[in-house]
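Read the structure below first, then the notes.
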């Protein structure tokens with residue numbers, strides 16, 4: 001069950017429309033390493049995860065990622081509200097505008113609609129946690145790349161916050177991996193998959 | 001964990017011998033040192049050891065002091081400590097800190113709701129009419145609560 005809170009995790013206050021920036025930041029909404037992928041990945045991986053601490057990490061980070069999805073949606077909304085058709089044309093934003101006007105649609109920067117093929121639920125403890133650590137790094141790099149291009153301090157501030165969360169989540173997934181592997185057969189952690197094979 | 005005592009808050013202990021082909025990341029040793037809540041929110045982490053920015057993209061200072069930012073900061077500290085506790089469930093000191101911040105956040109939330117409107121839908125029960133749908137929603141900036 002989820003309960004909505006009518007506030008963001010971190011303030012987003014962008015004063016000036018800038019569809020050129022919205023064009024690439026939208027990848028963190030519906031792109032391969034975006035917040036929707038992150039949230040669905042972690043919240044879906046929970047069901048087969050056998051260890052309580054790891055279930056908690058997947059739940060609490062998965063829910064926070066939904067909050068980040070809302071922040072990225074807010075960034076795109078504020079970058080495209082009050083924009084003129086002239087700004088749309090100058091920014092090369094026509095491809096998006098013709099299909100979605102100033103609405104927020106889950107797609108990658110290249111225009112591909114959101115695709116769950118961007119993430120995995122392998123149903124294996126080590127494989128899933130290794131994917132999660134990789135996912136946090138890929139999202140961190142996407143934010144690094146956004147910071148390289150963004151030139152509005154209002155946008156940079158929110159992106160910088162989101163990027164730092166990837167670093168913290170990477171640490172927690174690493175610790176979750178350590179907790180999980182320490183509960184496995186220490187002579188060979190690959191002897192069985194504790195998410196599937198019954199304990200003897 | 002032989003070298004635990006010699007690690008700083010930016011480091012964590014690793015065994016001197018470790019099995020091959022097992023992913024290992026140094027565990028955070030303590031929830032201290034920690035930033036104060038306003039700085040933690042601005043930096044995106046409560047923990048100086050995890051504060052690893054890209055190039056020179058660092059927070060200009062604490063987030064502007066508004067009723068909303070104050071509540072965000074308290075909730076953020078609770079979230080950071082909760083994630084820490086998920087992987088350190090036996091850290092009694094961190095649990096104590098989390099409990100005290102949860103109490104502060106509850107108080108802060110009460111003050112905020114009285115001043116600015118419902119945060120959770122159930123907060124609407126404190127009002128005389130169904131004010132839940134009223135603007136502003138979080139994606140509209142310039143909320144009353146964002147002003148001093």
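The values are calculated or read from the model by the stated rules, or taken from the named source; none is laboratory data. Because the structure is a prediction, the values reported are computed rather than measured. Note that we place each Cβ from the backbone using ideal geometry, even for glycine, and neighbour counts take in every protein chain shown.
Among residues of the stretch A:177-189 that are modelled with pLDDT of 95 or more, those with a beta-carbon under 6 Å from a residue that is not in a loop (DSSP other than H, G, I, E, B) at least six positions away or on a different chain give the pairs A:177/A:129; A:179/A:53; A:180/A:54; A:180/A:125; A:189/A:181. Taking the stretch A:137-166 as the range and being within 7 Å of another protein chain (Cβ to nearest Cβ) and either more than 19 Å from the chain's Cα centre (by Cα) or crowded, with 19+ Cβ neighbours inside 10 Å (or both) as the test, the residues that pass are A:160, A:161, A:163, A:164, A:165.
Taking the criterion of being in a helix (DSSP H, G or I) and free of Cβ contacts under 8 Å to residues at least 12 places away in the same chain, the residues of the stretch B:80-117 that qualify are B:83, B:86, B:92, B:95, B:96, B:99, B:100, B:103, B:106, B:107, B:110.
Answer yes or no as to whether residue A:110 is modelled with pLDDT of 95 or more, part of a loop (DSSP other than H, G, I, E, B) and either within 14 Å of the chain's Cα centre (by Cα) or over 24 Å from residue A:164 (Cβ atoms) (or both). Yes: the conditions hold for residue A:110.
Residue by residue, here is whether (1) closer than 30 Å to residue A:189 by Cα; (2) more than 12 Å from chain A (Cβ to nearest Cβ) holds:
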| site | (1), (2) |
| --- | --- |
| B:32 | no, yes |
| B:40 | no, no |
| B:58 | no, no |
| B:71 | no, no |
| B:85 | yes, no |
| B:93 | no, yes |
| B:104 | no, yes |
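Are any residues in the stretch A:179-191 closer than 17 Å to residue A:122 by Cα and either surrounded by fewer than 16 Cβ atoms within 10 Å (Cβ to Cβ) or in contact with a strand residue (DSSP E or B) (Cβ under 7 Å, 6 or more places away or on another chain) (or both), and if so, which ones? Hits for the stretch A:179-191 are A:190, A:191. For the criterion of being more than 16 Å from the chain's Cα centre (by Cα) and either modelled with pLDDT of 95 or more or closer than 14 Å to residue A:8 by Cα (or both), residue B:92 passes.
For the residues B:106, B:126, the requirement of being modelled with pLDDT of 95 or more and out of contact with any helix residue (DSSP H, G or I) (no Cβ under 7 Å at 6 or more places or on another chain) singles out B:106.
Comparison of B:129, B:122 shows that the only residue that is in a helix (DSSP H, G or I) and farther than 30 Å from residue A:141 by Cα is B:122.
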